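The values are calculated or read from the model by the stated rules, or taken from the named source; none is laboratory data. In this text, all values refer to a predicted model and were calculated from it rather than measured experimentally. Cβ atoms come from the backbone with ideal geometry, glycine included; neighbour counts cover every protein chain shown. Just the protein is used for accessible areas: all its heavy atoms, side chains included, with ligands, DNA and RNA removed. Shrake-Rupley method; radii C 1.70, N 1.55, O 1.52, S 1.80 Å.
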Amino acid sequence: MAALIAENFRFLSLFFKSKDVMIFNGLVALGTVGSEELFSVVAFQCPCSPARNYIYGLAAIGVPALALFIIGVIWNNHTWNLVAECHKRGTKNFSAAATFLLFGSIMGRAAVAPVTWSVISLLRGEAYICALSEFVKPSSLDKFPASYGADVLARFPCKDVPANLTKFRDEVTRRLRYESQLFGWLLIGIVAVLVFLTKCLKHCCSPLSYRQEAYWAQYRSNEAKLFQRTAEVHSRILAAKNVKQFFGFVALDKEEKELVQEFPVEGVQPSPQWNAITGVYIYRENKGFPLYSRLHKWAKGVEGNGPSPEGHEMLFLAS
């Protein structure tokens, strides 16, 4: 039973660490939908007060979307590769096309969650109705009592209105929900068209064949997994050696003892090596042979980051 549970957790871990962009974006979207539903049920409470409704309604849509966008930027590896690149080498080696491609990749990934949040909020309609109910013109409502104004219209989302205004409240709610859902569907359509055009443009401008691009994606995924796994083992063995040197012994379990015996670690990699494999990488070839990553480039002993007679920049960024 324990082995089955461990295997299931291992499967989920691999699944959530998948490099497939569509799976990752789908998981982000589903998580955002669940968060928005929970927020609407638990947290969203329209103040039903003039001037406050508009601010609260827009904040309910915009602030979580902004927070999700910032989180998306933070979680994107390209962001920190760009920071490392600017810190260590500057942007002199990037062409305008490469820079645009990089920022487009970061912004596109980060926009998945906030766009999903905005779409779900608009389709539900509560925040939109709360924000705009007070701006409905009384003259657009047939036989609306002249003695009532924006203060009463602002209370429509809370259903706290006189009995003789119930039918007007239903009409206003229906009208605003229609507008909100219309904007939601339009946003879905616009995003779908943009995604389609972006994918077409990417494949049309790619210097790689479909099979080579798929191979590159597999290489990047395997390199990242092996690098992470090896770095974890290397750091554990190095830590064990340093702890043993300090205390005279080190308390290791059976697995760790086997690792120390099997993989002797003599030292650490110097900073220039870490700097060489860290940063933004755009697909390049050297003498006709592909270089699939900064680690691959370092292993082949190729110097420099910019284009040269022997190293041609292909202006294609990893997904």
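Quick notes on this structure:
- In plain terms, the chain from Leu187 to Ser139 could stretch by 14.3 nm, reckoned as 0.36 nm per residue minus the Cα-Cα distance.
- Förster radius 22 Å - calculated FRET efficiency between Lys225 and Val265 (Cβ-Cβ, nearest 0.05): 0.65
- Computed from the C-beta positions of Lys199 and Arg175, the FRET efficiency with R₀ = 51 Å rounds to 0.85.
- Local electrostatic count at Tyr54 - Lys and Arg +1, Asp and Glu -1, tallied over other residues with Cβ under 15 Å: -2
- When peptides 280-288, 232-240 are sorted by average Cβ neighbour count within 10 Å, with the highest value leading, the order is 280-288, 232-240.
- Area accessible to solvent at Ser49, 1.4 Å probe radius, in Å²: 30 Å²
- Only lysine pairs 8 or more places apart or on separate chains count here, and in region 33-205 those with Cα atoms under 30 Å apart total 8.
- Cα gyration tensor shape of region 183-232, rounded if a/c is under 1.5, else prolate or oblate by comparing a/b with b/c: oblate
- Point-to-point label distance, Gln218-Asn275, nm (Cα→Cβ direction, 7 Å offset): 3.6 nm
- Of the trypsin sites (Lys or Arg not before Pro) found in region 106-193, those that fall in a DSSP loop while having at most 15 other beta-carbon atoms within 10 Å are Lys143, Lys159.
- Relative contact order, percent, region 210-300 [alpha-carbon distance under 8 Å, six or more residues apart]: 24 percent
- Only protein heavy atoms count here; on that basis, with a 1.4 Å probe, Leu194 has an accessible area of about 100 Å².
- Computed E for Phe100/Ala43 - FRET, C-beta separation, R0 45 angstrom, nearest 0.05: 0.75
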